[in-house]
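See below for the structure under consideration.
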Amino acid sequence: MSFEFPKLPPLRIGTFIGILHLFVGLLGAGILTVFSLYFIYKGSEQVNLREIKDLAFVIGNGLEHPLMDLQSGVVNTSQIDDAMTTYLRTRPEIGYSILTPSGTVILTSHPPRTAIAIDARAPEIVAASRSLIGQSIRPGSVERRVVYVASPIEHDNLLSGILVLAVPLDTMMASTYRTMLLMSIIALLIVAFTVFEGWLGSIYISKPLASLSKVAALLSQGDMTARADLGGPVEVKNLAQTLNEMADRVQRSLESMRAFVANASHELRTPLTTIKLQVGALSDGACQDREVAGHFLAQIEGEIDRLNDMVNDMLDLSQIEAGVELVDRQPVNISELAEEVTAFWQARSLQAGLTLTLTEDSTPAMVSGDPQRFRQLFDNLLDNAVKNTNPGGKIEIAIQCCDPGDRNRLCQTVRIEVRDTGIGIAPEHLPNIFDRFYRIEMRRRAKKSVSENTAAKSVGSGLGLAIAHSIVLAHGGEIGVTSQPGIGTTFWVEFPAI
Ligand code: ADP
């Protein structure tokens with residue numbers, strides 16, 4: 001079961017996180033505060049009432065004799081009032097009344113104490129007349145809500161009077177209200193802090209995202225130098241890194257595409273210029289001379305063949321790099337293929353005065369891939385070997401199975417080597433040898449090319465090794481070269497075996 005996030009109108013991250021935190025803050029701090037305030041209020045009300053009831057009980061007991069003395073005229077009301085003032089010294093906000101059992105007021109406190117509204121039918125007075133301590137919250141003569149507590153004054157178990165203590169509810173709860181106000185302020189501060197913290201969090205997330213979207217916009221407008229800052233949360237940082245890597249790759253492939261187009265145009269221009277010059281010469285009258293015309297036409301045909309080869313190589317290269325023809329991979333026995341290739345190239349090698357041999361392991365070297373492309377790889381390497389080896393030289397194809405440390409499999413890596421005893425490649429050329437259109441200077445080729453007598457090209461397109469390199473990479477392999485000028489060259493290729 002997966003959670004579906006409800007559909008929301010498009011919001012900025014800051015707004016969304018702000019609203020979310022406000023909601024969570026209000027809900028969390030709000031509910032907690034309301035409950036706490038309610039329980040604090042109720043608890044404090046109970047405690048205060050209990051205190052006033054205890055006080056009423058103590059004073060009621062203490063007034064037993066003074067009231068008898070008042071009734072018998074031994075003391076007067078002002079002496080009783082003095083006694084009450086002493087009792088209530090620490091609670092000046094509490095007002096009092098002393099009543100006869102029938103409810104007549106004998107003595108009452110004066111302002112600023114609570115203005116008491118005595119009502120003989122009030123529940124606390126009814127309870128006290130039954131020798132109980134009663135309480136009620138009802139309007140006073142000034143305040144709207146006054147807490148009344150009445151305690152019986154008894155002498156020899158007979159009711160001799162009633163003491164009423166009264167305090168306005170708001171006065172009684174004043175310190176509780178202050179606590180509640182403080183708690184509410186703290187709750188509001190928590191909500192404000194939650195929203196602020198949410199806002200800060202949203203900046204932390206939204207800022208790098210905004211920079212990412214800016215960079216993505218720049219890239220889409222063609223500014224391939226734009227790169228995202230690697231800041232913010234891990235996920236955003238990873239996204240920025242991926243975007244940067246993607247931009248690097250796109251930039252590299254654009255640059256290589258531009259270089260390819262520039263090189264290709266340059267390479268195509270030479271034969272085209274030659275053809276144009278020769279066609280011009282023919283139309284200027286060279287065609288009158290059959291021999292000259294025949295010579296020019298043969299040259300034009302040669303250039304057209306060269307153009308054709310070059311265009312085919314370019315197409316091959318682009319198809320291999322696009323991976324178009326590797327969709328249908330199949331197991332290929334490289335040993336068998338090498339045997340076929342050797343047989344095919346035997347005649348050409350002999351014609352060029354070269355010896356071609358094949359050495360292979362007894363283990364069948366199986367790899368997965370496109371057999372046509374493997375064939376093309378062999379052809380390109382052998383064509384180069386034949387073209388660059390002087391008559392009397394040797395070319396050797398070696399197929400090996402390399403099994404580094406794996407006892408369970410017979411063949412882990414298939415290694416192909418094409419070795420020749422040819423003119424070799426100078427060290428300065430080796431790093432670029434697999435680049436497209438890279439050809440070692442034509443002077444070197446002034447040496448009689450054996451392939452001129454064969455089907456192989458006399459002047460290559462400079463794409464043969466680039467194609468070989470692409471074929472190897474497309475099959476997950478590796479290619480390399482070692483060479484010593486004047487001694488010979490070895491091209492090696494390794495493929496993962498199956
Ligand atoms: P091309 O199709 O023109 O031969 P390649 O890409 O096949 O182009 O080769 C690039 C360059 O490497 C060529 O100029 C060639 O002279 C040189 N080269 C390739 N193979 C060998 C070799 N076995 N010995 C010496 N030079 C070689």
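Contact annotation: residue pairs with Cβ atoms under 6 Å, 6 or more positions apart or on different chains, pairing a residue in the stretch 126-146 that is farther than 15 Å from Y96 by Cα and surrounded by 15 or more Cβ atoms within 10 Å (Cβ to Cβ) with a partner that is at pLDDT 85 or above and of a type in the set (G, A, S), are A127/G134. Residues that are of a type in the set (V, I, T) and more than 7 Å from the ligand (Cβ to nearest atom) were ranked within the stretch 460-489; the one that is most open to solvent (accessible area, probe 1.4 Å) is I487. Close Cβ contacts (under 7 Å, 6 or more residues apart or on different chains) running from residues in the stretch 250-269 that are charged (D, E, K, R) to residues that are surrounded by 13 or more Cβ atoms within 10 Å (Cβ to Cβ) comprise E267/M310; E267/F437; E267/S461.
Of all residues in the stretch 182-204, those that are modelled with pLDDT of 90 or more and within 27 Å of the chain's Cα centre (by Cα) total 0. Mind checking whether some residue in the stretch 406-421 is at pLDDT 90 or above, within 8 Å of the ligand (Cβ to nearest atom) and touching a Gly at 6+ places or on another chain (Cβ under 6 Å)? Yes, the stretch 406-421 contains at least one residue that is at pLDDT 90 or above, within 8 Å of the ligand (Cβ to nearest atom) and touching a Gly at 6+ places or on another chain (Cβ under 6 Å). When the residues of the stretch 201-230 are narrowed to those that are among the hydroxyl-bearing types (S, T, Y) and out of contact with any Asp or Glu (no Cβ under 6 Å at 6 or more places or on another chain), which ends up least open to solvent (accessible area, probe 1.4 Å)? So, considering only residues that are among the hydroxyl-bearing types (S, T, Y) and out of contact with any Asp or Glu (no Cβ under 6 Å at 6 or more places or on another chain), the one least open to solvent (accessible area, probe 1.4 Å) is S202. It is to be established whether one or more residues within the stretch 46-57 are within 30 Å of M180 (Cα to Cα), within 60 Å of the chain's Cα centre (by Cα) and of a type in the set (A, V, I, L, M). The answer is yes, given that some residue of the stretch 46-57 is within 30 Å of M180 (Cα to Cα), within 60 Å of the chain's Cα centre (by Cα) and of a type in the set (A, V, I, L, M).
Listed by first and then second residue, the pairs with beta-carbon distance under 7 Å, at least 6 apart or on different chains, first residue in the stretch 421-436 and closer than 15 Å to L381 by Cβ and without any contact (Cβ under 8 Å) to a residue 60 or more places away in the chain, second open to solvent by less than 40 Å² (accessible area, probe 1.4 Å) and not charged (D, E, K, R), are I433/I425; I433/L465; I433/V481; F434/L465; F434/A466. Within the stretch 428-443, does at least one residue satisfy the condition of being at pLDDT 85 or above, among the basic types (K, R), within 15 Å of the ligand (Cβ to nearest atom) and farther than 30 Å from N333 by Cα? The answer is yes; a qualifying residue exists. Within the stretch 353-392, the set of residues being within 16 Å of the ligand (Cβ to nearest atom), touching a residue at least 60 places away in the same chain (Cβ under 8 Å) and buried (at least 20 other Cβ atoms within 10 Å of the Cβ) comprises L354, R373, L377, N380, L381, N384, A385, V386, K387, N388, T389. Here is a check on your reading of the model: is L218 in a helix (DSSP H, G or I) and either of a type in the set (F, W, Y) or within 60 Å of the chain's Cα centre (by Cα) (or both)? Answer is yes for this residue. Hey, any hits in the stretch 39-49 for a residue that's in a helix (DSSP H, G or I), in contact with a strand residue (DSSP E or B) (Cβ under 6 Å, 6 or more places away or on another chain), closer than 30 Å to G161 by Cβ and open to solvent by 90 Å² or more (accessible area, probe 1.4 Å)? Within the stretch 39-49 (the criterion being in a helix (DSSP H, G or I), in contact with a strand residue (DSSP E or B) (Cβ under 6 Å, 6 or more places away or on another chain), closer than 30 Å to G161 by Cβ and open to solvent by 90 Å² or more (accessible area, probe 1.4 Å)), the answer is no, since none of the residues qualifies. Annotation note: of L254, L268, L282, the sole residue that is closer than 30 Å to L219 by Cβ and among the aliphatic types (A, V, I, L, M) is L254. Is one or more of the residues making up the stretch 73-85 surrounded by 13 or more Cβ atoms within 10 Å (Cβ to Cβ) and not in a helix (DSSP H, G or I)? Yes, some residue in the stretch 73-85 is surrounded by 13 or more Cβ atoms within 10 Å (Cβ to Cβ) and not in a helix (DSSP H, G or I).
The values are calculated or read from the model by the stated rules, or taken from the named source; none is laboratory data. Everything numeric in this text was worked out from a predicted model, so none of it was measured. No Cβ is skipped: glycine too gets one built from the backbone with ideal geometry, and neighbour counts run over all protein chains shown. Only protein heavy atoms, including side chains, enter the accessible area calculation; ligands, DNA and RNA are left aside. Shrake-Rupley method; radii C 1.70, N 1.55, O 1.52, S 1.80 Å.
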